[in-house]
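**Q** Mind having a look at this structure? Questions to follow.
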Amino acid sequence: MARALATVVSDLTEILKIIDEGVGYANFNMAVSMLIRKWAVGVVVTAVKEGRQDREDESSKKRHGALLNKVAHLLLGIGGNQDRAMSIGRDALVLNEELYGRQSTHTAQSLLLVGRGLSVTNKYNEALKILGEALEIFELIFGRVNKNVAEVLFEIGAVLNSKGENDKALKVSRESLSIQEQLFGRETKETTQTRSSIATMLAEKDEDNEALKLNELNIKIQRKYLGQEHPGTARTMNNIGVLYAKKGEHCKALELYKNALQITEKVFGSDDPRTKDYRSNFDTATREIENNQL
């Protein structure tokens, strides 16, 4: 709480400055969101530091180990905090292994987080080794059809694809999706991330028709569970647009790019990298249509 109170005056000054500059709603929304994120990260990191000082008994150590896993997961998810996330993830691994042993779900979760952090920093071979160990532990405890196993397989597939081992990546990712569909059902939000990843890998191999089918299923699911104006829905719209553009269907692509662009401009503002990417695709499709009409 002390950390939260200490940021109030400086945050208030920055917010009033934003208002005074008249930056517009989208930029105001982004700026305030960044301030809130910065404040929230400060709060959780302070909680980690305080937890290190309050580990007098096994129960408090276990609580701290769980907190470390959650904070590392959060920091890896929001991006921009890789070094801090890796440091906390490694601390979690040491503590959870001390408390529960190597062959435990808590330790396996820490291994997964460390592996994900290594992947983000392009240390792919180290990541595969750590993720492989996490996979063995989860499978030993839960069997093959388990959400933790599916999550690790997804991460392994992403690392393999980053290494350029596309066929291996596809095989592993498809198994992850198969497990998720067995656990949650086919048309559920839990399956969309893996399906999107597979579609991207297929598009890289120019297997566009199969990639299009997967993305069209995803957009159906996302519109149902996330809504029409969610950034995730916009991302899939853009991905489908890219596939239509590759097929020469620029009018279909243009409409999808337009919708994706409107969503990201509203949510993130005009200077966000996603908005710029979708605008570039929109402009390219517009030029293609104009050239075809000459």
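**Q** Applying the selection to region 113-133, what residues are farther than 21 Å from residue 198 by Cβ and either basic (Lys, Arg) or in a helix (DSSP H, G or I) (or both)?
**A** Selection gives 113, 114, 117, 118, 123, 125, 126, 129, 130, 133.
**Q** Identify, from the list 220, 246, the residue that is touching a helix residue (DSSP H, G or I) at 6+ places or on another chain (Cβ under 6 Å), among the basic types (Lys, Arg) and surrounded by fewer than 21 Cβ atoms within 10 Å (Cβ to Cβ).
**A** Working: 220 fails: touching a helix residue (DSSP H, G or I) at 6+ places or on another chain (Cβ under 6 Å).
246 is the lone residue from the list that is touching a helix residue (DSSP H, G or I) at 6+ places or on another chain (Cβ under 6 Å), among the basic types (Lys, Arg) and surrounded by fewer than 21 Cβ atoms within 10 Å (Cβ to Cβ).
**Q** Shifting gears a bit: Take residues that are under 20 Å from the mean Cα position of the chain (by Cα) and at pLDDT 95 or above and tell me which of the helices (runs of 4 or more DSSP H) falling wholly in region 171-280 contain 3 or more.
**A** By residue number, 192-204, 208-225, 231-246.
**Q** Has region 98-112 got any residue that is assigned to a helix (DSSP H, G or I) and over 22 Å from residue 60 (Cα atoms)?
**A** Yes, because at least one residue in region 98-112 is assigned to a helix (DSSP H, G or I) and over 22 Å from residue 60 (Cα atoms).
**Q** If a residue has to be more than 21 Å from residue 140 (Cα to Cα) and within 18 Å of the chain's Cα centre (by Cα) to count, how many in region 75-122 make the cut?
**A** 19
**Q** Related question: Taking the criterion of being aliphatic (A, V, I, L, M), within 25 Å of residue 128 (Cβ to Cβ) and either in the same structural domain as residue 255 (by TED's automatic domain parsing) or in contact (Cβ under 8 Å) with a residue 24 or more places away in the chain (or both), would at least one residue in region 220-236 satisfy it?
**A** no
**Q** Right, here's the next one. Give me the residue from region 281-294 that is assigned to a helix (DSSP H, G or I) and polar (S, T, N, Q) and, out of that set, surrounded by the most Cβ atoms within 10 Å (Cβ to Cβ).
**A** For region 281-294, the residue satisfying everything is 281.
**Q** Now for a different question. Kindly list, by first and then second residue, each pair from a residue in region 192-217 that is among the aliphatic types (A, V, I, L, M) to a residue that is in a loop (DSSP other than H, G, I, E, B) and surrounded by fewer than 16 Cβ atoms within 10 Å (Cβ to Cβ), limited to pairs with Cβ atoms under 9 Å and residues at least 6 apart or on different chains.
**A** 201/207; 211/205; 212/247; 217/186; 217/187
**Q** Something else about it: Across region 151-170, what is the total count of residues that are of a type outside the set (A, V, I, L, M, F, W, C) and touching a residue at least 12 places away in the same chain (Cβ under 8 Å)?
**A** Total meeting the criteria: 7.
**Q** Here's something else I'd like to know. For region 138-190: of the residues being under 17 Å from residue 126 (Cβ atoms) and of a type in the set (Val, Ile, Thr), which is surrounded by the most Cβ atoms within 10 Å (Cβ to Cβ)?
**A** 152
The values are calculated or read from the model by the stated rules, or taken from the named source; none is laboratory data. Owing to the predicted nature of the structure, the values given are computational and were not obtained by experimental measurement. Virtual Cβ from ideal backbone geometry, glycine too; neighbours counted across all protein chains shown.
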